[in-house]
Amino acid sequence: MAAIERSNNARVAKPVTHSEKSDEQAIDAAAARLRAGGLVAFPTETVFGLGADALNEIAVRRVYEIKGRPSRNPLIVHVSGVEAARRLCADGAWDARCEALASAFWPGPLTIVVPKSERVPELVSGGGASVGIRCPRNNIALGLLRAFERLGGLGVVGPSANRSGYVSPTTAAHVREAFNAEDVMVLDDAEATREVGIESTVVRLRPRDSKGVSAEILRLGAVSAEAIGRMLRGTGDNRPVAMVTHAQGESNVALPGPGLLEVHYAPRATCRLVPREQLVEALDRARRMRPHTAIVVVATERDQVPEGMRQIVLPEDAVGYARRLYSALRDADAMEPDTILVVDPMPLTDDGHGALWDAIMDRLRRACGPA
Ligand code: TXA
Ligand code: MG
């Protein structure tokens, strides 16, 4: 039965359904758990995050531990909005450019890397002097962050809620597969697909008075470098935006060259990316080399996969593809094949989603590792 609840300043009473009510209770319990040093996985529009109180070093250490993540790889801090973001930065670091980016893209899939406040433990920043901050576009996540801040908290670290190196989780079930219920409470919004489905764009701002570039894209995502550049120019910063993603996996350590791309976001089976027109040939070749080899093909609606092949079919548009990509890789992996062949999904003509396709291809290359 629907209950009626009045908030202090609400002019119109909003009917609260039973499930909303239990969501609220779950969110409050989760926020309290975070404040007490516990871990809570939460949905976002990109992937599920593994949350802990960013200012509680013991809790943050636990996140690295259960993920199996190298401690030099910094964690993103999630906030409910710019007010909290400002408090996590060094004095004056949250400038007009940050304001412009946040007002254009927050809540949303953009992580802004800026000089950190002393409040932020070095464990969170991977030993470095900057912190990555993001306000996610998901009601459960925002509810959790607000409840956490009401309890006096500031910032929730949220790496993707997978074991380090594996495919990021896009459902609560994915998270539960990786961690024990005693270790991690999971908040679920029961959505079958995430709104975005791949991780946020990570952008590092360069000091205003430095020569060179205004900002560096450290990880590709749904927010494009072009859109970021446009917003920065709007604040009078006309320097170019640079791409430094080839040196970045989930690791912050510069790799000697793009050929040594770290394998990441990767299924357990050997994963290979094949051009659309070479699929049949690739299948024949694989079978000739090992007659009983088990293969799963991840293709799009426009691809022609030979009959009888085990296959997972994704939408052919960039938005639909990104939303379903990680579930598809996990489903393919669950069939326990020797090889997953992913058909290169790039459309032949420009569909206006170039930046999202670039982010998708970045994830596919990391899943497949060096050719
Ligand atoms: O969409 C997302 O960003 C998801 C959701 C849960 O918010 N989170 C996520 O976190 O993908 P994680 O930890 O899996 O990836 C964070 C990336 C890593 O590549 C990390 O190296 C980089 O952001 N990063 C975080 N803080 C940084 C910093 N201070 N400087 C440079 N890179 C940073
Ligand atoms: Mg991750």
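When Ile312 is tested against (1) under 15 Å from Leu364 (Cβ atoms); (2) surrounded by fewer than 16 Cβ atoms within 10 Å (Cβ to Cβ); (3) without any contact (Cβ under 8 Å) to a residue 24 or more places away in the chain; (4) not hydroxyl-bearing (Ser, Thr, Tyr), exactly one condition is not met: (2).
What are the residues in region 360-371 that are assigned to a helix (DSSP H, G or I) and of a type in the set (Gly, Ala, Ser), if any? Even if it seems obvious, please write down each step before you answer.
Taking region 360-371 and keeping what is assigned to a helix (DSSP H, G or I), we get 360-368.
Ala367 - this is the single residue of region 360-371 that is assigned to a helix (DSSP H, G or I) and of a type in the set (Gly, Ala, Ser).
If Lys211 satisfies every condition in (1) under 30 Å from Arg239 (Cβ atoms); (2) in contact with a helix residue (DSSP H, G or I) (Cβ under 9 Å, 6 or more places away or on another chain); (3) in a loop (DSSP other than H, G, I, E, B) but one, which is the exception? The one condition Lys211 does not meet is (2). So is Ile340 touching an Asp or Glu at 6+ places or on another chain (Cβ under 6 Å) and crowded, with 18+ Cβ neighbours inside 10 Å or not? The answer is no for Ile340. Of the listed requirements (1) under 26 Å from Val223 (Cβ atoms); (2) surrounded by 19 or more Cβ atoms within 10 Å (Cβ to Cβ); (3) not charged (D, E, K, R), Leu348 misses just one: (2).
Picking from residues in region 215-259 that are modelled with pLDDT under 95, surrounded by fewer than 13 Cβ atoms within 10 Å (Cβ to Cβ) and of a type outside the set (A, V, I, L, M), the one that is nearest to ligand 2 (Cβ to nearest atom) is Pro258. Quick check, is Ala299 of a type in the set (Gly, Ala, Ser), surrounded by 21 or more Cβ atoms within 10 Å (Cβ to Cβ) and more than 17 Å from Tyr166 (Cα to Cα)? Judged against the criteria, Ala299 is a match. Applying a threshold of 8 Å to beta carbon distances and a minimum spacing of six or more residues, or different chains, the list of pairs starting in region 84-102 at a residue that is of a type outside the set (A, V, I, L, M, F, W, C) and ending at one that is in a helix (DSSP H, G or I) reads Arg97/Met231; Arg97/Leu232; Glu99/Val82.
Residues in region 324-359 that are part of a helix (DSSP H, G or I), free of Cβ contacts under 8 Å to residues at least 40 places away in the same chain and charged (D, E, K, R): Asp331 only. In region 149-183, the qualifying residues are those that are in contact with a helix residue (DSSP H, G or I) (Cβ under 7 Å, 6 or more places away or on another chain) and not in a loop (DSSP other than H, G, I, E, B), and the one that is nearest to ligand 1 (Cβ to nearest atom) is Val157.
Considering region 93-125, the residues that are surrounded by 15 or more Cβ atoms within 10 Å (Cβ to Cβ) and either of a type in the set (Ser, Thr, Tyr) or at pLDDT below 95 (or both) include one that is farthest from the chain's Cα centre (by Cα), namely Ser117.
Exactly one residue out of Val186, Val203, Val196 is more than 11 Å from ligand 1 (Cβ to nearest atom), among the β-branched types (Val, Ile, Thr) and surrounded by 20 or more Cβ atoms within 10 Å (Cβ to Cβ), and it is Val186. Which of the residues spanning region 70-109 are within 16 Å of ligand 2 (Cβ to nearest atom) and hydrophobic (A, V, I, L, M, F, W, C)? Leu75, Ile76, Val77 - these are the residues of region 70-109 that are within 16 Å of ligand 2 (Cβ to nearest atom) and hydrophobic (A, V, I, L, M, F, W, C). Once region 260-293 is narrowed to residues that are away from ligand 2 (no atom under 16 Å from the Cβ) and assigned to a loop (DSSP other than H, G, I, E, B), the residue that is modelled with the highest pLDDT is Pro275. Restricting attention to region 74-92, the residues being crowded, with 18+ Cβ neighbours inside 10 Å and outside any helix (DSSP H, G or I) number 8.
Restricting attention to region 128-153, the residues that are surrounded by fewer than 24 Cβ atoms within 10 Å (Cβ to Cβ) and among the aliphatic types (A, V, I, L, M) total 5.
The values are calculated or read from the model by the stated rules, or taken from the named source; none is laboratory data. Not measured: the values here are computed from a predicted model. Cβ sites come from the backbone with ideal geometry, for glycine too, and all protein chains shown count toward neighbours.
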